[in-house]
1. Please enumerate the residues belonging to segment 161-179 that are within 17 Å of the chain's Cα centre (by Cα) and either of a type in the set (Lys, Arg) or assigned to a helix (DSSP H, G or I) (or both).
2. When the residues of segment 362-373 are narrowed to those that are part of a loop (DSSP other than H, G, I, E, B) and surrounded by 12 or more Cβ atoms within 10 Å (Cβ to Cβ), which ends up modelled with the lowest pLDDT?
3. Quick check: is even one residue across segment 88-98 touching a Gly at 6+ places or on another chain (Cβ under 9 Å), under 30 Å from Ala179 (Cα atoms), at pLDDT 70 or above and not hydroxyl-bearing (Ser, Thr, Tyr)?
4. Quick check on this structure: which one of Glu338, Glu393 is over 60 Å from the mean Cα position of the chain (by Cα), among the acidic types (Asp, Glu) and at pLDDT below 80?
5. Going through Leu208, Leu137, Leu193, Leu219 one at a time, which residue ends up being in contact with a strand residue (DSSP E or B) (Cβ under 9 Å, 6 or more places away or on another chain) and free of Cβ contacts under 8 Å to residues at least 60 places away in the same chain?
6. Looking at Ala145, Ala128, Ala179, which is the one that is among the aliphatic types (A, V, I, L, M) and open to solvent by 40 Å² or more (accessible area, probe 1.4 Å)?
7. Can you say whether Ala225 is in contact with a Pro (Cβ under 6 Å, 6 or more places away or on another chain), within 16 Å of Glu114 (Cβ to Cβ) and surrounded by 14 or more Cβ atoms within 10 Å (Cβ to Cβ), as far as the supplied structure shows?
Amino acid sequence: MKIYDVLKWDPEGSDGEEILVYKHEAEDFNTHTQLIVHASQEAIFFKDGRDLDVFDAGKHTLTTDSLPLLKKIMTIPTDGKTPFHCEVYFVNKIHLNDLRWGTSEPIIVEDPIEGVNVHLRASGYIGAHIVDGRKFLRKVVGTRALYTKAEFTTYLRAKLIERVKATLGQAMVNRQVGALRISAEIASLSDDLKAQLVPFFADYGIELHNFSFNSISPLEEDLRAINESKIAARKQDLESAARARMREREGYTYQQEHSFDVLKTAAQNEGTASTFMGAGMGLGMGMGLGGAFGAGMAGVAQNMNAAPAAPAANTVACPHCGNQVPAGAKFCSSCGKEIAPPGVVCPKCGTKLPAGAKFCFGCGAKLSNVCVKCGKELPLGARFCNECGAPQE
């Protein structure tokens, strides 16, 4: 068993930057052992897996006075050099600056200006160092005897991207920054994210002294979709403005223009002469906009609507053109189209149905049946077939 009288860690060459945590090989020390901790280091004593006493930079003699927490769980003689068993970890607290980070997959956030989801790629730099070795060993390193800068960088990037995904969208909402102008707000977004990241990393014993976005860029297809939408909206706005100026020059309002379109459509529909004339009168009203022609034609239309001609007795209206034809006529004398025979009544719910209907559109009941012998279609409830005479019961 080797008893150590001096404990120190002097990393050689690049190890001073590449190794961040080093567990000393010694596990047995003498009281009055000299512990040397360099300016960029911190030493932490462990006993039975518990982190006890912490030593900052300087030269320390391990005695009952310098190991108060260790003394509480074990007896350390005060006289002579007595060996005892513990472990010591050295933590390298150098500053690591300008570590690169970036998202491997786009971050999906809601654009607060356009109201759509966009995919953002982000990258930048971070700078950090370990400030609380005890927390860092507990939450990050665990029982590993060696922890490198590469492992630390990987850990930082993973945690950083996790937090950026969770907070970048909210920062955009707070500042009302959309995808089209996000590149102009990189500095302010960097400040917002750093303010949220600092306390997060402090919980792991890490001080984040630098965080910045180098770039934040939407995917090309997202930018193209947003730009096309804005161009279409701008074109519609320009057309609306042009039509508004035209209405102002010609002296009518949007409501009058809308009425004009409705009446024009009505005038083009097929109908009776009186219906067409009524539409024509309304068309004149829309175009005249209060002129003498519109007023005069409005009066004619009013008179026509007020005293419609009564239909002759024993006549019915053609369902196609509205012309009055004798009751029972099979074709219209005005348009020549066939007039459908009278409808039927559903025997189940009493709904009036068009002739030839096979099912009721009121209750869904079937209105016809087929002959059990010849297949001829029969009225619902028929007892004999009117084609072959076969009984249906």
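1. Val164, Lys165, Ala166, Thr167, Leu168, Gly169, Gln170, Ala171, Met172, Val173, Asn174, Ala179
2. The qualifying residue modelled with the lowest pLDDT is Leu367.
3. Yes, because at least one residue in segment 88-98 is touching a Gly at 6+ places or on another chain (Cβ under 9 Å), under 30 Å from Ala179 (Cα atoms), at pLDDT 70 or above and not hydroxyl-bearing (Ser, Thr, Tyr).
4. Glu393
5. The unique qualifying residue is Leu193.
6. So the residue among Ala145, Ala128, Ala179 that is among the aliphatic types (A, V, I, L, M) and open to solvent by 40 Å² or more (accessible area, probe 1.4 Å) is Ala145.
7. The answer is no for Ala225.
Results for (1) out of contact with any helix residue (DSSP H, G or I) (no Cβ under 8 Å at 6 or more places or on another chain); (2) at pLDDT below 70; (3) farther than 30 Å from Leu180 by Cα; (4) assigned to a helix (DSSP H, G or I), shown as yes or no for each residue.
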residue	(1), (2), (3), (4)
Tyr204	no, no, yes, no
His209	yes, no, no, no
Ser212	no, no, no, no
Asp222	no, no, no, yes
Gln236	yes, no, no, yes
Phe260	no, yes, yes, yes
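The values are calculated or read from the model by the stated rules, or taken from the named source; none is laboratory data. This is a predicted model, so every value here is computed, not measured. Note: ideal-geometry Cβ built from the backbone for every residue, glycine included; neighbour counts use all protein chains shown. Quick note on the areas: whole protein, heavy atoms, side chains included, nothing else; ligands and nucleic acids left out. Shrake-Rupley method; radii C 1.70, N 1.55, O 1.52, S 1.80 Å.
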